[in-house]
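The values are calculated or read from the model by the stated rules, or taken from the named source; none is laboratory data. Note that the structure is predicted; figures quoted are calculated from it, not measured. Every residue, glycine among them, receives a Cβ derived from its backbone with ideal geometry; neighbour counts consider all protein chains shown.
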Amino acid sequence: MFLLNPPQVRELTTFTTMPAHFRRHERSAWANANRGGTPTDSFLEGPVFDAHGHLYVTDIPWGRIFRIDPRGEWSLVAEYDGEPNGMKFLNATTLLITDYKNGLMQLDVPTGRVTPWLERRNSERFKGVNDLIFDRQGNLYFTDQGQSGLHDPSGRLYRLRPNGQLDLLLSNVPSPNGVALSPDEKLLYLAVTRGNCVWRVPLLPDGSVSKVSQFFTSYGPSGPDGLAVDADGRVLVANPGLGYVWLLNACAEPVQVLRGTPGSSTTNVAFGGADRRTLYVTDSTHGAVLSAQMDVAGLGVSSANPERHLQTP
(Lines give C-alpha, C1' and ligand atoms only; values in the text may rest on other atoms or scores of the structure.)
Protein backbone atom coordinates (compact mmCIF):
# COMPACT_ATOMS: atom_id res chain seq x y z
CA MET A 1 0.00 0.00 0.00
CA PHE A 2 1.61 3.29 -1.18
CA LEU A 3 0.60 6.48 0.64
CA LEU A 4 1.79 10.01 0.00
CA ASN A 5 1.16 10.86 3.66
CA PRO A 6 1.86 7.92 5.97
CA PRO A 7 -0.78 7.54 8.68
CA GLN A 8 -0.20 8.51 12.27
CA VAL A 9 0.52 5.42 14.37
CA ARG A 10 -0.89 5.27 17.90
CA GLU A 11 -0.92 2.58 20.56
CA LEU A 12 -4.10 1.21 22.08
CA THR A 13 -4.05 0.85 25.85
CA THR A 14 -5.70 -1.84 27.96
CA PHE A 15 -8.97 -0.72 29.54
CA THR A 16 -9.82 -4.02 31.21
CA THR A 17 -9.05 -7.74 31.05
CA MET A 18 -11.37 -10.67 31.68
CA PRO A 19 -10.91 -11.92 35.26
CA ALA A 20 -9.26 -15.32 35.65
CA HIS A 21 -12.34 -16.94 37.22
CA PHE A 22 -14.31 -16.38 33.99
CA ARG A 23 -11.69 -18.02 31.76
CA ARG A 24 -12.20 -21.62 30.61
CA HIS A 25 -9.05 -23.52 29.72
CA GLU A 26 -10.69 -26.33 27.80
CA ARG A 27 -11.71 -27.29 24.30
CA SER A 28 -15.00 -26.27 22.76
CA ALA A 29 -16.89 -27.10 19.58
CA TRP A 30 -16.12 -23.56 18.38
CA ALA A 31 -12.38 -23.97 19.01
CA ASN A 32 -12.39 -27.37 17.28
CA ALA A 33 -13.76 -25.74 14.12
CA ASN A 34 -11.97 -22.38 14.26
CA ARG A 35 -8.80 -22.87 16.31
CA GLY A 36 -7.69 -26.36 15.30
CA GLY A 37 -8.85 -27.73 18.64
CA THR A 38 -6.59 -25.44 20.67
CA PRO A 39 -8.22 -24.69 24.03
CA THR A 40 -9.56 -21.13 23.86
CA ASP A 41 -10.55 -19.63 27.20
CA SER A 42 -12.61 -16.87 25.55
CA PHE A 43 -13.13 -15.01 22.28
CA LEU A 44 -14.61 -11.55 22.71
CA GLU A 45 -16.75 -9.73 20.16
CA GLY A 46 -19.85 -7.56 19.82
CA PRO A 47 -19.10 -4.49 21.99
CA VAL A 48 -22.11 -2.24 22.59
CA PHE A 49 -22.98 0.34 25.26
CA ASP A 50 -26.22 0.88 27.15
CA ALA A 51 -27.56 4.27 28.18
CA HIS A 52 -25.80 4.05 31.56
CA GLY A 53 -22.32 3.61 30.11
CA HIS A 54 -22.05 -0.14 30.66
CA LEU A 55 -20.21 -2.06 27.96
CA TYR A 56 -21.59 -5.44 26.85
CA VAL A 57 -19.44 -8.00 25.04
CA THR A 58 -20.01 -11.53 23.76
CA ASP A 59 -17.85 -14.59 24.37
CA ILE A 60 -18.41 -16.77 21.30
CA PRO A 61 -17.13 -20.26 22.27
CA TRP A 62 -18.91 -20.35 25.63
CA GLY A 63 -22.20 -18.65 24.77
CA ARG A 64 -21.75 -15.86 27.29
CA ILE A 65 -22.71 -12.19 27.51
CA PHE A 66 -20.75 -9.98 29.89
CA ARG A 67 -21.40 -6.48 31.22
CA ILE A 68 -18.41 -4.26 32.04
CA ASP A 69 -18.97 -1.16 34.16
CA PRO A 70 -17.14 2.16 33.62
CA ARG A 71 -14.47 1.08 36.14
CA GLY A 72 -13.73 -2.07 34.13
CA GLU A 73 -15.47 -4.53 36.49
CA TRP A 74 -17.00 -7.62 34.83
CA SER A 75 -20.27 -9.44 35.54
CA LEU A 76 -21.92 -12.34 33.74
CA VAL A 77 -25.32 -11.42 32.30
CA ALA A 78 -26.20 -14.64 30.44
CA GLU A 79 -24.84 -18.04 29.50
CA TYR A 80 -26.68 -20.30 27.06
CA ASP A 81 -26.23 -22.89 24.31
CA GLY A 82 -25.11 -20.61 21.50
CA GLU A 83 -22.25 -18.81 19.79
CA PRO A 84 -23.07 -15.10 20.16
CA ASN A 85 -21.22 -12.53 18.08
CA GLY A 86 -22.64 -9.06 17.28
CA MET A 87 -25.12 -7.20 19.50
CA LYS A 88 -27.35 -4.13 19.34
CA PHE A 89 -30.12 -2.94 21.64
CA LEU A 90 -33.72 -3.50 20.52
CA ASN A 91 -34.86 -1.28 23.37
CA ALA A 92 -33.51 -0.14 26.74
CA THR A 93 -33.48 -3.64 28.26
CA THR A 94 -33.32 -6.06 25.32
CA LEU A 95 -30.24 -6.99 23.32
CA LEU A 96 -30.52 -8.47 19.82
CA ILE A 97 -27.73 -10.97 19.18
CA THR A 98 -26.37 -12.45 15.95
CA ASP A 99 -25.71 -16.02 17.03
CA TYR A 100 -23.73 -18.20 14.62
CA LYS A 101 -25.34 -21.37 15.95
CA ASN A 102 -28.96 -20.28 16.39
CA GLY A 103 -29.69 -17.26 14.20
CA LEU A 104 -30.94 -13.99 15.71
CA MET A 105 -31.58 -14.24 19.45
CA GLN A 106 -32.83 -11.75 22.03
CA LEU A 107 -31.55 -11.28 25.56
CA ASP A 108 -33.67 -9.80 28.33
CA VAL A 109 -30.88 -8.08 30.24
CA PRO A 110 -32.56 -7.84 33.70
CA THR A 111 -33.31 -11.59 33.81
CA GLY A 112 -30.53 -12.97 31.59
CA ARG A 113 -33.10 -14.96 29.60
CA VAL A 114 -32.16 -15.67 25.96
CA THR A 115 -34.90 -16.61 23.49
CA PRO A 116 -35.17 -17.01 19.69
CA TRP A 117 -35.99 -13.93 17.63
CA LEU A 118 -35.38 -15.01 14.02
CA GLU A 119 -33.95 -18.49 13.61
CA ARG A 120 -34.70 -19.24 9.95
CA ARG A 121 -35.56 -17.69 6.58
CA ASN A 122 -38.37 -19.47 4.71
CA SER A 123 -37.76 -22.54 6.94
CA GLU A 124 -34.07 -22.60 5.93
CA ARG A 125 -31.35 -22.14 8.54
CA PHE A 126 -28.88 -19.31 8.13
CA LYS A 127 -25.27 -20.12 7.23
CA GLY A 128 -24.07 -18.46 10.43
CA VAL A 129 -25.07 -14.87 11.21
CA ASN A 130 -22.31 -12.52 12.36
CA ASP A 131 -23.00 -8.80 12.84
CA LEU A 132 -25.83 -6.27 12.65
CA ILE A 133 -26.82 -2.61 12.64
CA PHE A 134 -30.08 -0.62 12.73
CA ASP A 135 -30.71 2.53 10.72
CA ARG A 136 -32.81 5.44 11.99
CA GLN A 137 -35.93 4.08 10.26
CA GLY A 138 -35.71 0.79 12.16
CA ASN A 139 -34.35 -1.29 9.29
CA LEU A 140 -32.02 -4.02 10.50
CA TYR A 141 -29.01 -4.97 8.35
CA PHE A 142 -27.20 -8.19 9.26
CA THR A 143 -24.57 -10.47 7.77
CA ASP A 144 -24.77 -14.23 7.29
CA GLN A 145 -21.16 -15.37 7.07
CA GLY A 146 -20.98 -19.09 7.77
CA GLN A 147 -17.74 -20.63 6.51
CA SER A 148 -17.79 -18.66 3.25
CA GLY A 149 -14.57 -17.34 1.74
CA LEU A 150 -12.76 -16.96 -1.56
CA HIS A 151 -13.32 -20.69 -2.14
CA ASP A 152 -17.07 -20.23 -1.58
CA PRO A 153 -18.22 -16.60 -2.05
CA SER A 154 -21.76 -17.26 -0.87
CA GLY A 155 -22.03 -15.09 2.25
CA ARG A 156 -25.13 -12.91 2.51
CA LEU A 157 -26.23 -9.45 3.54
CA TYR A 158 -29.85 -9.10 4.67
CA ARG A 159 -32.17 -6.22 5.51
CA LEU A 160 -35.14 -6.80 7.80
CA ARG A 161 -37.70 -4.02 7.48
CA PRO A 162 -39.88 -2.91 10.42
CA ASN A 163 -42.92 -4.56 8.77
CA GLY A 164 -41.18 -7.94 8.82
CA GLN A 165 -40.13 -8.05 5.15
CA LEU A 166 -36.74 -9.74 4.83
CA ASP A 167 -34.68 -8.63 1.80
CA LEU A 168 -31.63 -10.51 0.54
CA LEU A 169 -29.37 -7.68 -0.66
CA LEU A 170 -26.19 -9.63 -1.45
CA SER A 171 -25.49 -13.35 -1.76
CA ASN A 172 -21.98 -13.43 -3.24
CA VAL A 173 -19.74 -12.19 -0.43
CA PRO A 174 -16.58 -14.11 0.56
CA SER A 175 -17.11 -13.90 4.34
CA PRO A 176 -19.32 -10.89 5.20
CA ASN A 177 -18.60 -9.66 8.70
CA GLY A 178 -18.98 -6.20 10.29
CA VAL A 179 -21.45 -3.61 9.03
CA ALA A 180 -21.64 0.17 9.47
CA LEU A 181 -23.64 3.02 7.94
CA SER A 182 -22.53 6.43 6.67
CA PRO A 183 -23.89 9.48 8.54
CA ASP A 184 -26.57 10.05 5.87
CA GLU A 185 -27.32 6.30 5.77
CA LYS A 186 -27.03 6.21 1.98
CA LEU A 187 -24.02 3.89 2.17
CA LEU A 188 -23.40 0.67 4.02
CA TYR A 189 -19.83 -0.44 4.67
CA LEU A 190 -19.33 -4.19 4.74
CA ALA A 191 -16.24 -5.95 6.10
CA VAL A 192 -15.25 -8.86 3.83
CA THR A 193 -12.90 -10.85 6.01
CA ARG A 194 -11.59 -13.54 3.65
CA GLY A 195 -11.38 -11.07 0.80
CA ASN A 196 -9.26 -8.85 3.08
CA CYS A 197 -11.24 -5.75 2.17
CA VAL A 198 -14.22 -3.50 2.92
CA TRP A 199 -17.04 -3.14 0.39
CA ARG A 200 -19.03 0.06 -0.23
CA VAL A 201 -22.73 -0.74 -0.69
CA PRO A 202 -24.98 2.09 -1.98
CA LEU A 203 -28.51 1.90 -0.53
CA LEU A 204 -30.87 3.16 -3.24
CA PRO A 205 -34.23 4.92 -2.61
CA ASP A 206 -36.19 1.92 -3.95
CA GLY A 207 -34.57 -0.37 -1.38
CA SER A 208 -32.17 -2.10 -3.76
CA VAL A 209 -28.39 -1.94 -3.98
CA SER A 210 -26.28 -1.25 -7.05
CA LYS A 211 -22.68 -0.61 -8.09
CA VAL A 212 -21.23 -2.26 -5.01
CA SER A 213 -17.50 -1.60 -4.97
CA GLN A 214 -14.37 -2.44 -3.04
CA PHE A 215 -13.70 0.56 -0.80
CA PHE A 216 -10.57 -0.52 1.08
CA THR A 217 -8.01 -3.28 0.64
CA SER A 218 -6.04 -4.61 3.58
CA TYR A 219 -3.48 -7.40 3.94
CA GLY A 220 -2.33 -10.04 6.40
CA PRO A 221 -3.57 -13.44 7.60
CA SER A 222 -7.06 -12.31 8.62
CA GLY A 223 -8.95 -9.42 7.07
CA PRO A 224 -11.38 -6.76 8.34
CA ASP A 225 -13.82 -7.70 11.08
CA GLY A 226 -15.78 -5.07 13.06
CA LEU A 227 -16.55 -1.60 11.68
CA ALA A 228 -17.62 1.79 13.02
CA VAL A 229 -18.11 5.28 11.57
CA ASP A 230 -17.39 8.60 13.28
CA ALA A 231 -19.31 11.87 13.04
CA ASP A 232 -17.09 13.05 10.17
CA GLY A 233 -17.95 9.95 8.16
CA ARG A 234 -14.54 8.33 8.61
CA VAL A 235 -14.56 4.54 8.75
CA LEU A 236 -12.83 2.55 11.48
CA VAL A 237 -11.83 -1.00 10.57
CA ALA A 238 -10.76 -3.61 13.11
CA ASN A 239 -8.18 -5.92 11.53
CA PRO A 240 -7.56 -8.92 13.81
CA GLY A 241 -4.81 -10.48 11.69
CA LEU A 242 -2.65 -7.36 12.07
CA GLY A 243 -3.77 -6.28 15.54
CA TYR A 244 -4.71 -2.89 14.03
CA VAL A 245 -7.65 -0.56 13.82
CA TRP A 246 -7.49 1.45 10.61
CA LEU A 247 -9.01 4.97 10.59
CA LEU A 248 -9.91 5.74 6.97
CA ASN A 249 -10.90 9.03 5.34
CA ALA A 250 -13.54 9.38 2.61
CA CYS A 251 -11.04 8.16 0.00
CA ALA A 252 -10.26 5.04 2.10
CA GLU A 253 -6.79 6.39 2.89
CA PRO A 254 -5.54 5.41 6.36
CA VAL A 255 -5.07 8.59 8.39
CA GLN A 256 -4.38 6.74 11.64
CA VAL A 257 -3.37 3.22 12.62
CA LEU A 258 -4.24 2.18 16.17
CA ARG A 259 -2.09 -0.76 17.24
CA GLY A 260 -2.92 -3.31 19.88
CA THR A 261 -0.44 -4.95 22.21
CA PRO A 262 1.82 -7.56 20.56
CA GLY A 263 -0.13 -10.64 19.56
CA SER A 264 -3.52 -8.98 19.97
CA SER A 265 -6.48 -9.81 17.75
CA THR A 266 -8.49 -6.61 17.36
CA THR A 267 -11.90 -7.98 16.40
CA ASN A 268 -14.47 -5.25 16.96
CA VAL A 269 -14.94 -1.60 17.91
CA ALA A 270 -17.46 0.65 19.64
CA PHE A 271 -17.50 4.29 20.73
CA GLY A 272 -18.31 5.11 24.34
CA GLY A 273 -17.77 7.62 27.10
CA ALA A 274 -19.86 10.67 27.91
CA ASP A 275 -18.86 12.43 24.69
CA ARG A 276 -18.52 9.24 22.58
CA ARG A 277 -14.87 10.08 21.87
CA THR A 278 -13.41 6.96 23.47
CA LEU A 279 -12.94 4.00 21.15
CA TYR A 280 -13.18 0.57 22.75
CA VAL A 281 -11.69 -2.44 20.96
CA THR A 282 -12.15 -6.13 21.77
CA ASP A 283 -8.86 -8.04 21.84
CA SER A 284 -9.95 -11.63 21.45
CA THR A 285 -6.51 -13.19 21.83
CA HIS A 286 -5.98 -11.84 25.32
CA GLY A 287 -9.59 -11.63 26.49
CA ALA A 288 -9.24 -7.89 26.92
CA VAL A 289 -10.83 -4.59 25.94
CA LEU A 290 -8.45 -1.92 24.63
CA SER A 291 -9.17 1.78 24.26
CA ALA A 292 -8.01 5.06 22.71
CA GLN A 293 -9.14 8.67 22.89
CA MET A 294 -10.28 9.96 19.50
CA ASP A 295 -10.49 13.52 18.18
CA VAL A 296 -13.96 12.98 16.65
CA ALA A 297 -16.97 11.37 18.31
CA GLY A 298 -18.49 8.20 16.99
CA LEU A 299 -21.92 8.15 15.39
CA GLY A 300 -24.77 7.28 17.70
CA VAL A 301 -25.89 3.66 17.48
CA SER A 302 -29.55 3.28 16.53
CA SER A 303 -31.87 0.69 18.00
CA ALA A 304 -35.20 -0.49 16.61
CA ASN A 305 -37.44 2.56 16.15
CA PRO A 306 -39.58 2.62 19.31
CA GLU A 307 -42.50 4.19 17.41
CA ARG A 308 -42.73 1.25 15.02
CA HIS A 309 -43.24 -2.40 15.83
CA LEU A 310 -40.39 -4.42 14.42
CA GLN A 311 -41.91 -7.70 13.33
CA THR A 312 -40.08 -10.89 12.41
CA PRO A 313 -41.08 -12.78 9.26
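Structure above, values below:
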{"quantity": "Check on residue 101, farther than 22 Å from residue 190 by Cβ, in contact with a strand residue (DSSP E or B) (Cβ under 9 Å, 6 or more places away or on another chain) and among the basic types (Lys, Arg)", "calculated": "yes"}
{"quantity": "When residues of region 74-99 are limited to those that are outside any strand (DSSP E or B) and out of contact with any helix residue (DSSP H, G or I) (no Cβ under 8 Å at 6 or more places or on another chain), the one surrounded by the most Cβ atoms within 10 Å (Cβ to Cβ)", "calculated": "82"}
{"quantity": "Those residues of region 142-165 which are in a loop (DSSP other than H, G, I, E, B) and in contact with a strand residue (DSSP E or B) (Cβ under 8 Å, 6 or more places away or on another chain), in sequence order", "calculated": "145, 146, 148, 153, 154, 161"}
{"quantity": "Set 164, 155, 146, 138: member being under 25 Å from residue 32 (Cβ atoms) and surrounded by fewer than 22 Cβ atoms within 10 Å (Cβ to Cβ)", "calculated": "146"}
{"quantity": "Flag if residue 242 is without any contact (Cβ under 8 Å) to a residue 40 or more places away in the chain, more than 20 Å from residue 294 (Cα to Cα), out of contact with any Asp or Glu (no Cβ under 7 Å at 6 or more places or on another chain) and of a type outside the set (Ser, Thr, Tyr)", "calculated": "yes"}
{"quantity": "Matching strands (runs of 3 or more DSSP E) fully within region 1-73 where at least 2 residues are modelled with pLDDT of 95 or more and surrounded by fewer than 17 Cβ atoms within 10 Å (Cβ to Cβ)", "calculated": "8-11, 13-17"}
{"quantity": "In region 194-228, the residues that are free of Cβ contacts under 8 Å to residues at least 24 places away in the same chain and surrounded by 15 or more Cβ atoms within 10 Å (Cβ to Cβ)", "calculated": "200, 203"}
{"quantity": "Test: residue in region 140-155 that is farther than 25 Å from residue 228 by Cα, more than 17 Å from the chain's Cα centre (by Cα) and modelled with pLDDT of 95 or more", "calculated": "yes"}
{"quantity": "From the options 183, 224, residue that is modelled with pLDDT of 95 or more, outside any strand (DSSP E or B), touching a Ser or Thr at 6+ places or on another chain (Cβ under 7 Å) and within 27 Å of residue 257 (Cβ to Cβ)", "calculated": "224"}
{"quantity": "Cβ-Cβ under 7 Å pairs, at least 6 apart or on other chains, region 71-86 side in contact (Cβ under 8 Å) with a residue 40 or more places away in the chain, far side hydroxyl-bearing (Ser, Thr, Tyr) and surrounded by 12 or more Cβ atoms within 10 Å (Cβ to Cβ)", "calculated": "72/16; 83/100; 85/58; 85/98; 85/100; 86/98"}
{"quantity": "Qualifying residue in region 108-118 (condition: buried (at least 17 other Cβ atoms within 10 Å of the Cβ), part of a strand (DSSP E or B), in contact with a Phe, Trp or Tyr (Cβ under 6 Å, 6 or more places away or on another chain) and modelled with pLDDT of 95 or more)", "calculated": "yes"}
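Residue-wise test of (1) of a type in the set (S, T, N, Q); (2) within 18 Å of residue 279 (Cα to Cα).
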{"site": "30", "(1), (2)": "no, no"}
{"site": "33", "(1), (2)": "no, no"}
{"site": "42", "(1), (2)": "yes, no"}
{"site": "61", "(1), (2)": "no, no"}
{"site": "87", "(1), (2)": "no, yes"}
{"site": "92", "(1), (2)": "no, no"}
{"site": "101", "(1), (2)": "no, no"}
{"site": "104", "(1), (2)": "no, no"}
